[in-house]
Amino acid sequence: MQKAVEITYNGKTLRGMMHLPDDVKGKVPMVIMFHGFTGNKVESHFIFVKMSRALEKVGIGSVRFDFYGSGESDGDFSEMTFSSELEDARQILKFVKEQPTTDPERIGLLGLSMGGAIAGIVAREYKDEIKALVLWAPAFNMPELIMHESVKQYGAIMEQLGFVDIGGHKLSKDFVEDISKLNIFELSKGYDKKVLIVHGTNDEAVEYKVSDRILKEVYGDNATRVTIENADHTFKSLEWEKKAIEESVEFFKKELLKG
């Protein structure tokens, strides 16, 4: 079962989709899903929709929103910064906790790419409330990626216009200045529940070695990694997609349905 949902805060409306197991009675575990940079609540090849429906089948609900300036939510992409998405994520968590069908003791997060960086920070900030964390190709190195690309390719244009065109998206100077001040590895340290990282060895956007660093510097023995050989950034094949979804569903079953 799925239904459209909305959040309005500070005059901004975020639009999303909530999935619940059929014939739900009482409270159920919930997974909040955060999309990536230039992505949306459906994500590439509908992988977020497929993940939500797979969770439904095992008795776990989920919520997936478009961040402000993305998808069907209010705003323009040029108004978005990493810090604004962090605040969106906090508001989404608040919304989910307040739902009568949510078991507040069994909430998990899943983030893809930059959404993984958002999820990592939110999990640390609310570590007593987030019971499990899944990171797909997590872009904890987003500040380095953005700074390198913006300086190398767009520096003069961004300085002149205040934005650059990246594939039809207007990336603002504010976004670059905001994210340049952040160390996502440090901001994610301290989350002490179980973490699953799913990463492809041929990820062209977030190199596989980034998850090596996350395992070593951030989560240590609390985390495990599922390596998908030859997979790209968003698992764009039926085989890669199936592996990412199945491993993640099994992880959430273990961590959110146990006991």
### Query
Name the pairs: first residue in the range 71-100 and under 18 Å from Met33 (Cβ atoms), second residue acidic (Asp, Glu), Cβ to Cβ under 7 Å, at least 6 apart or on different chains?
Glu72/Asp66; Ser73/Asp66; Phe82/Asp178
### Message
Quick test of your reading of the structure: Ala117 fulfils all but one of (1) closer than 26 Å to Gly190 by Cα; (2) open to solvent by 10 Å² or more (accessible area, probe 1.4 Å). Name the failing condition by number.
### Response
(2)
#### Entry: Pairs with Cβ under 9 Å, 6+ apart, first in the range 106-121 and among the basic types (Lys, Arg), second open to solvent by 10 Å² or more (accessible area, probe 1.4 Å)
Arg106/Lys27; Arg106/Val28; Arg106/Lys131; Arg106/Glu255; Arg106/Leu257
### Message
Against the condition within 21 Å of Ile184 (Cα to Cα) and buried (at least 21 other Cβ atoms within 10 Å of the Cβ), how does Val134 come out, does it pass?
### Response
yes
#### Entry: Looking only at the range 2-40, and only at residues there that are modelled with pLDDT of 95 or more, surrounded by 15 or more Cβ atoms within 10 Å (Cβ to Cβ) and β-branched (Val, Ile, Thr), the one that is nearest to Glu87 (Cα to Cα)
Ile7
## Note on the structure
Matching residues in the range 82-108 (closer than 25 Å to Asp174 by Cβ, in contact with a Phe, Trp or Tyr (Cβ under 7 Å, 6 or more places away or on another chain) and small (Gly, Ala, Ser)) number 2
### Message
Considering only the range 84-98, I want to know if a residue exists there that is open to solvent by 10 Å² or more (accessible area, probe 1.4 Å), assigned to a loop (DSSP other than H, G, I, E, B) and touching a strand residue (DSSP E or B) at 6+ places or on another chain (Cβ under 8 Å).
### Response
no
#### Entry: Hits in the range 92-103 (condition: over 14 Å from the mean Cα position of the chain (by Cα) and within 29 Å of Ser211 (Cα to Cα))
Lys94, Val96
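Here is a yes/no grid of residues against (1) acidic (Asp, Glu); (2) more than 26 Å from Ser70 (Cβ to Cβ):
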site	(1), (2)
Ile166	no, no
His169	no, no
Ser188	no, no
Lys194	no, yes
Gly200	no, no
Lys209	no, yes
Val226	no, yes
Glu229	yes, yes
### Query
Pairs, please: C-beta under 8 Å, at least 6 apart or cross-chain, first residue β-branched (Val, Ile, Thr) and in the range 1-28, second in a loop (DSSP other than H, G, I, E, B) and open to solvent by less than 40 Å² (accessible area, probe 1.4 Å)?
Thr13/Ser73; Val24/Thr101; Val28/Leu20; Val28/Pro21; Val28/Gly59; Val28/Ile60; Val28/Thr101
### Query
Is it true that some residue in the range 53-61 is modelled with pLDDT under 95 and either among the basic types (Lys, Arg) or open to solvent by 30 Å² or more (accessible area, probe 1.4 Å) (or both)?
no
### Task
Would you please name the residue that is farthest from Val28 (Cα to Cα), looking only at residues in the range 43-52 that are in contact with a helix residue (DSSP H, G or I) (Cβ under 8 Å, 6 or more places away or on another chain) and open to solvent by less than 10 Å² (accessible area, probe 1.4 Å)?
Ile47
### Filtered residues of the range 202-253 (kept if without any contact (Cβ under 8 Å) to a residue 40 or more places away in the chain, small (Gly, Ala, Ser) and either closer than 27 Å to Met30 by Cα or in contact with a Leu (Cβ under 8 Å, 6 or more places away or on another chain) (or both))
Gly220, Ala223, Ser237
### Task
Test Lys173 against the criterion of being of a type outside the set (A, V, I, L, M, F, W, C), modelled with pLDDT of 75 or more and under 25 Å from Met33 (Cβ atoms), and give yes or no.
no
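The values are calculated or read from the model by the stated rules, or taken from the named source; none is laboratory data. In this text the structure is predicted, and so the values were computed from the model without any measurement. No Cβ is skipped: glycine too gets one built from the backbone with ideal geometry, and neighbour counts run over all protein chains shown. With ligands, DNA and RNA removed, areas are computed over all heavy atoms of the protein, side chains included. Shrake-Rupley method; radii C 1.70, N 1.55, O 1.52, S 1.80 Å.
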